[in-house]
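The values are calculated or read from the model by the stated rules, or taken from the named source; none is laboratory data. The structure presented is a predicted model; accordingly, all values stated were derived computationally and were not measured. Neighbour counts are summed over all protein chains in view; Cβ atoms, including those assigned to glycine, are modelled from backbone coordinates with ideal geometry.
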Amino acid sequence: MRPTTRSVPAALAALAALVLIATGLNAVVAPTKAKADNPIVQHVYTADPAPLVHNGRVYLYTGHDEDGSTWFTMKEWRVWSSADMVNWTDHGSPMSLATFSWASKDAWAGQAIERNGKFYWYVPVTNRATGRMAIGVGVADSPTGPFRDALGRPLVENGEIDPTVMIDDNGQAYLYWGNPNLWYVRLNADMISFSGSPTQIPLTTAGFGTRTGDASRPTLYEEGPWVYKRNGLYYNVFAAKCCSEFIAYSTSPGPTGPWTYRGTVMPTQGSSFTNHAGIVDFKGSSYFFYHNGALPNGGGFTRSVAVEKFTYNADGSIPTINMTSAGVPPADTLNPYVRQEAETIAWGSGIETERASEGGMNIGWIENGDWIKVKNVAFGTGARTFTARVASTVSGGTVEVRTGSQNGTVAGRCTVPNTGGWQTWTTVSCSVSGLTGTQDLYFRFAGGSGYLLNMNWWQFTA
Ligand code: FUB
């Protein structure tokens, strides 16, 4: 896609129309798959992944496509995290357009980075005063926010989008961004000011591949750069060609070039005419994040983030990576004997999330038959009791603890009373059996009609 400073290209408008015809007007996220783990979030549409490894977790910063969206009408960003790459905790939306008083719309693709204990999140938005795309920076003391506007104005503004940020080994930080050009600027150590002027990286075909059929854009570079350094080599992984995009990459011996085009990372796949890359190493493996239109009613404006595991070739080149619905193997087990957030989910069906009055998030809007899966749970020699923090305005809802599948063997059932409010919390417990070893855990919610219960957290005793 192209920046909003231009009018909507006819081809994109036609694509949007096709998307609407194909998906219907009112998107509803109601997946039912039990075996798949991609996309990694099922209860909202997510886009433009930007992973960050910090203190033994991967924090994933994304955009949020609205249900039924027919354009990139994005109002907020979302944060997720995982210690095992399969169970993802929903941290809600700690930054939105409202964070930036000068921004009017377009909460598009950004990236967050940590420096000296602070987290800086660079994002493109439309500047209300100029009508142009600009890059703002949010800052927080925690990877999950809350983020505040670091400057009260854009950090940089030239009508282009998609910032990516990198701190080199010598401490020099760089911000790169752009569509249709590719820019960089040297950030100062405070991460919210820069030295020198924004500089264009020459888009040569040697550096960024050859595009045919568009004289105004001779190279494959389209948007969404993801710049990082690995073993002394600088990588720029970017969305190539439009539309539909694929993911390609270039490498360079230095942070500002010269860049050499290295080929395709992910071919055009997956029902979204954009794609957007983010790459990290975590617990000894490399992971490639991207987005597609794989959820029900998904498409180019209702995207979802997914992840694949990959191994660099011996010469540092990136292999071709294909989209899967299987996702990645667990990088760790999950401990059921410490408090786990209910919004830590490998796969969910029918649930939503919201801010909990006790802090963090809870799952809610739960109806009969809804369920969540938590993967690779290490029960060891056996669990005896299940405890859940719950709230409800009705009585009779039940949390069923199951294994094998959402309809599998019942290990226990906890009944949830009417607590007097959806944010009036109480703790319920019930005995469980058959929970030994390491296995996937399913919570299936049962009861009459209407909303049954909210759940904030859970824990087993051994
Ligand atoms: O999500 C809005 C825009 O779509 C992003 O800024 C681009 O990278 C493309 O994914």
Filter region 69-87 for residues that are away from the ligand (no atom under 13 Å from the Cβ) and within 14 Å of the chain's Cα centre (by Cα); the one that is nearest to VAL374 (Cα to Cα) is ASN87
All conditions in (1) part of a strand (DSSP E or B); (2) surrounded by 18 or more Cβ atoms within 10 Å (Cβ to Cβ); (3) away from the ligand (no atom under 15 Å from the Cβ) are true of GLU223 except (3)
Confirm whether SER101 is touching an Asp or Glu at 6+ places or on another chain (Cβ under 6 Å) and either surrounded by fewer than 21 Cβ atoms within 10 Å (Cβ to Cβ) or not assigned by TED's automatic domain parsing to the domain that holds GLU245 (or both).
no
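Would you check if ASN297 is more than 16 Å from the ligand (Cβ to nearest atom) and not assigned by TED's automatic domain parsing to the domain that holds ARG186? Can you show your working first?
Working: more than 16 Å from the ligand (Cβ to nearest atom): yes; not assigned by TED's automatic domain parsing to the domain that holds ARG186: no.
No.
Residues are listed down the side, and each one gets a yes or a no for (1) under 22 Å from VAL305 (Cα atoms); (2) more than 18 Å from the chain's Cα centre (by Cα); (3) surrounded by fewer than 20 Cβ atoms within 10 Å (Cβ to Cβ):
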| site | (1), (2), (3) |
| --- | --- |
| VAL328 | yes, no, no |
| TYR337 | no, yes, yes |
| GLY348 | yes, no, no |
| THR353 | yes, no, no |
| SER357 | no, yes, yes |
| LYS373 | yes, yes, no |
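Any chance region 363-374 includes a residue that's of a type in the set (S, T, N, Q) and either in the same structural domain as ASP37 (by TED's automatic domain parsing) or in a strand (DSSP E or B) (or both)?
Taking region 363-374 and keeping what is of a type in the set (S, T, N, Q), we get 368.
Now restrict to residues that are either in the same structural domain as ASP37 (by TED's automatic domain parsing) or in a strand (DSSP E or B) (or both): none.
Looking for residues that are of a type in the set (S, T, N, Q) and either in the same structural domain as ASP37 (by TED's automatic domain parsing) or in a strand (DSSP E or B) (or both), one finds none in region 363-374, hence no.
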Inset, instruction - For region 344-351, state whether one or more residues are among the hydroxyl-bearing types (Ser, Thr, Tyr) and assigned to a strand (DSSP E or B). - result: yes
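Which of the residues spanning region 48-105 are among the acidic types (Asp, Glu) and either assigned to a strand (DSSP E or B) or within 25 Å of TYR228 (Cα to Cα) (or both)?
From region 48-105, those among the acidic types (Asp, Glu) are 48, 65-67, 76, 84, 90; that's our starting set.
Across region 48-105, the qualifying residues are ASP48, ASP65, GLU76, ASP84, ASP90.
Yes or no: region 52-66 includes at least one residue that is within 19 Å of PRO124 (Cα to Cα), out of contact with any Lys or Arg (no Cβ under 9 Å at 6 or more places or on another chain) and within 16 Å of the ligand (Cβ to nearest atom). Steps first, answer last, please.
First, the residues of region 52-66 that are within 19 Å of PRO124 (Cα to Cα): 52, 60-66.
If we keep only those that are out of contact with any Lys or Arg (no Cβ under 9 Å at 6 or more places or on another chain) too, we end up with 52.
Now drop any that are not within 16 Å of the ligand (Cβ to nearest atom), which leaves none.
No, there is no match, as no residue in region 52-66 is within 19 Å of PRO124 (Cα to Cα), out of contact with any Lys or Arg (no Cβ under 9 Å at 6 or more places or on another chain) and within 16 Å of the ligand (Cβ to nearest atom).
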Considering region 232-259, residues that are β-branched (Val, Ile, Thr) and under 20 Å from ALA109 (Cβ atoms), and then whichever is surrounded by the fewest Cβ atoms within 10 Å (Cβ to Cβ), we arrive at ILE247
Condition set assigned to a loop (DSSP other than H, G, I, E, B), buried (at least 17 other Cβ atoms within 10 Å of the Cβ) and of a type outside the set (D, E, K, R), scope region 159-179, selection farthest from the ligand (Cβ to nearest atom): answer is GLY159
- Does GLY278 meet the test of being within 13 Å of the ligand (Cβ to nearest atom), over 19 Å from PRO163 (Cα atoms) and surrounded by 22 or more Cβ atoms within 10 Å (Cβ to Cβ)? no
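Given VAL377, VAL394, VAL390, which one is in contact (Cβ under 8 Å) with a residue 40 or more places away in the chain and out of contact with any Phe, Trp or Tyr (no Cβ under 8 Å at 6 or more places or on another chain)?
Working: VAL394 fails: out of contact with any Phe, Trp or Tyr (no Cβ under 8 Å at 6 or more places or on another chain); VAL390 fails: out of contact with any Phe, Trp or Tyr (no Cβ under 8 Å at 6 or more places or on another chain).
Result: VAL377 is the single residue among VAL377, VAL394, VAL390 that is in contact (Cβ under 8 Å) with a residue 40 or more places away in the chain and out of contact with any Phe, Trp or Tyr (no Cβ under 8 Å at 6 or more places or on another chain).
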